[in-house]
Amino acid sequence: MTATPRISPTAPDRRKTGRAASVQPAARATDRVLRVVGLGASAGGLEALEAFLPHIPSDSGLAWVIVQHLDPGHAGNMVELLQRTTALPVTQVKPRTAVEPDHVYVIPPNKDLALVDGVLHALAPSGPRGRRQPITAFFRSLAKDQRDHSIGIVLSGAGSDGALGVRAIKAQGGLVLVQAPATAKFDSMPRSAIAAGQVDVVAPVAELPVRLLEVLRNRADTPSLETRGGEMAAIQLEKIVILLRAKSGHDFSLYKRTTLFRRIERRMGLQQLTELATYVRYLRENPQELDLLFKELLIGVTNFFRDPAVWVQLRDEVWPELLAKRATTQTLRAWVAGCSTGEEAYSLAMTFREAVERLRPRTNFTLQIYATDIDREAIAQARQGSYPASIATDVAPGRLARFFVKDGTGYRVAKEIREMVIFAPQNVIMDPPFTKLDLLTCRNLLIYFTPELQKKLFPLFHYSLNPEGVLLLGSAESVGGFTGLFAALPGKSRLFRRLTALPHPALAKFPTDFLAARGGDPDP
């Protein structure tokens, strides 16, 4: 969610009290689940892979899938070259290849890869040559299939392929490792992945297998915090929440305990700590770890035009209906809550512009978008509007030409779109809301909140919207028991129309900051 790299130390310190014993390279990483590791490489990738594979033990229990940029017209001899470096079987993926542990699989030329229920599928490329992003495509598929067991490794390569894919892996609670740029023949891909702010380990390529196995072994040997549970775990969790609040000013006490424990476990594993009380002590002694944990809790997945059908319905149905009820010179207002690095806010602006341009006769409608997030670094990146070339995976060529300009090796959102959006740091839980809105989007944020907090937010969203304004939620979210406040629009998208209703009693219990905001909007 931020352009600032958060990198784990290259050589872990095992001298601290409470650290787990180091894993031997040949130790099996886990006996409970088959983990699939995606390795992305491009220019200079063959040398990196030849340095990586010899350090994989023969009984790690992991399956290794190599996605290398290959010449579409050249069959190549990747399998033969890599087989010389490892005792593991190396094979090229066929149309349907069941993944087995302790095997290495190589992408075929001129194909994309997808993983579905542990089966690899070789697919026709999803984009024209020069715009393909096979590493990002596979990492996203890997994240969806393996969820918090997903693992992505970015090696040497030119360009930015994989940068968006590692965000999908991190959003699911997976692991991301990157070859140290200084050791890569071509450092663009490693640097792009690090710039995405989603990297757990950066190390020379030969060290990456051992570092990965250490983390996985520590996890396998330690029962989950939720499993251990109990009163002491709850007390230690409260201490962590207090430390985070003192450091960041944000209160995570109303986040789901499952989410908190899972993200804390990730940080503990990377620091090779096994006891929650030891981690609390480590947080107190190392303020930089509090920053890393804070970033861990903020991780979310976002990209341009996520869930394409949603944006089609917005452009073709929702915006025209809202515009039909307004004077032709009126400014509409929208709020994107939890905007992360800005892709969703800019997508909203683009679909609005497209909808207005389709109107006949032409009109002078304008849209003011307020986009907010508690992550100040993400907000700073969003304001720049600069993104890697890999966004071509999600943005159609026509939109790239219409709404973006080339900016070095990537793209920058055109000025006319950037000027439609005001980005501001804001905590949707505690800070005053924006009001008199025609549209409010809050996607894939509520799933991390407790039911208690969700019950407070829906009346707040209702209050913020104009009569018949529209609320957009994430694909896994709904309005729950608040059908008296919102009615679902036709279709499968999570779009809801605001109903006319009396103020909900929950508003009276909302933070005083909200009650004080009834006189106006927060200062962006």
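The values are calculated or read from the model by the stated rules, or taken from the named source; none is laboratory data. All values reported here derive from a predicted model rather than from experimental measurement. Because the Cβ atoms are built from the backbone with ideal geometry, glycine has one as well, and the counts that use them run over all protein chains shown. Note: areas computed on protein heavy atoms with side chains; ligands, DNA, RNA excluded. Shrake-Rupley method; radii C 1.70, N 1.55, O 1.52, S 1.80 Å.
Remind me, relative contact order of the chain in percent, using alpha carbon pairs under 8 angstrom and six or more residues apart?
Working: 1030 pairs, mean separation 66.7, N = 524.
It rounds to 13 percent for the chain.
Express in whole angstrom the spacing between the alpha-carbon centres of segment 227-272 and segment 434-476.
Measuring centre to centre over Cα atoms gives 26 Å.
When all protein chains stay in place, what accessible area (Å², nearest 10, 1.4 Å probe) is found for V205?
For V205, the solvent-accessible surface is approximately 20 Å².
Helix 276-285 against the longest principal axis of the chain: what's the angle in degrees, Cα atoms only, rounded to the nearest 10?
80 degrees
Relative to the longest principal Cα axis of the chain, at what angle does helix 134-146 sit, 0 to 90 degrees, rounded to 10?
On a 0 to 90 degree scale, this one is about 80.
Please compute the net charge surrounding A158, taking Lys and Arg as +1 and Asp and Glu as -1 over other residues with Cβ under 12 Å from its Cβ. Don't skip to the end; give the middle numbers.
On the way: positive: K185, R191; negative: D161, D187.
Value of the local net charge: 0.
Using Cα-only point scatterers and the Debye equation, what is log10 of I(q)/I(0) for segment 232-356 at each q in 0.15 Å⁻¹, rounded to two decimals?
Reported log10 I(q)/I(0), two decimals: -0.75.
To test your reading of the geometry: what angle, between 0 and 90 degrees and rounded to tens, separates the Cα axis of helix 257-270 from the longest principal axis of the chain?
The angle comes out at about 30 degrees.
Within the chain, what whole-number % of the accessible surface is contributed by carbon and sulfur, with the 1.4 Å probe and all protein chains included in the calculation?
53 percent
At 1.4 Å probe size, with no ligands or nucleic acids counted, give the accessible surface of H103 in Å², nearest ten.
Approximately 40 Å² of H103 is accessible to the 1.4 Å probe.
Go ahead and estimate [θ] at 222 nm for the chain from helices alone: -39,500 (n - 2.57) per DSSP H run with n ≥ 4, summed, over the residue count, rounded to 500.
Only helices count here, giving -10000 deg cm²/dmol.
What number does the chain give for Rg over Rh if you use C-alpha atoms and the Kirkwood radius?
Rounded to two decimals, Rg over Rh is 0.98.
Starting from the eigenvalues of the Cα gyration tensor, five times each then square-rooted, give me the equivalent ellipsoid semi-axes of segment 139-200, largest first, whole Å.
Largest first, segment 139-200 gives 20, 10, 9 Å.
Post the alpha-carbon centroid distance, segment 144-168 to segment 354-392, in whole angstrom.
Rounded to whole Å, the Cα centres lie 26 Å apart.
Can you give the Rg/Rh ratio of segment 176-307, where Rg is from the C-alpha atoms and Rh is the Kirkwood radius?
Numbers: Rg = 16.3 Å, Rh = 16.3 Å.
Here Rg/Rh amounts to 1.00.
Using the heavy atoms of the protein chains and a 1.4 angstrom probe, tell me the accessible area per residue for the chain in square angstrom.
In whole numbers, the chain has 41 Å² accessible per residue.
So, in Å, what gap is there between the alpha-carbon centers of segment 275-302 and segment 45-114?
Between the Cα centre of segment 275-302 and that of segment 45-114, the gap is 35 Å.
Quick one: grab the alpha carbon gyration tensor of segment 321-460, order the square roots of its eigenvalues as a ≥ b ≥ c, and give me rounded if a/c is under 1.5, else prolate or oblate depending on whether a/b is larger than b/c. List each step's numbers first, then the result.
On the way: a/c = 2.10, a/b = 1.17, b/c = 1.79.
Since a/c reaches 1.5 but b/c is at least a/b, the shape of segment 321-460 is classed as oblate.
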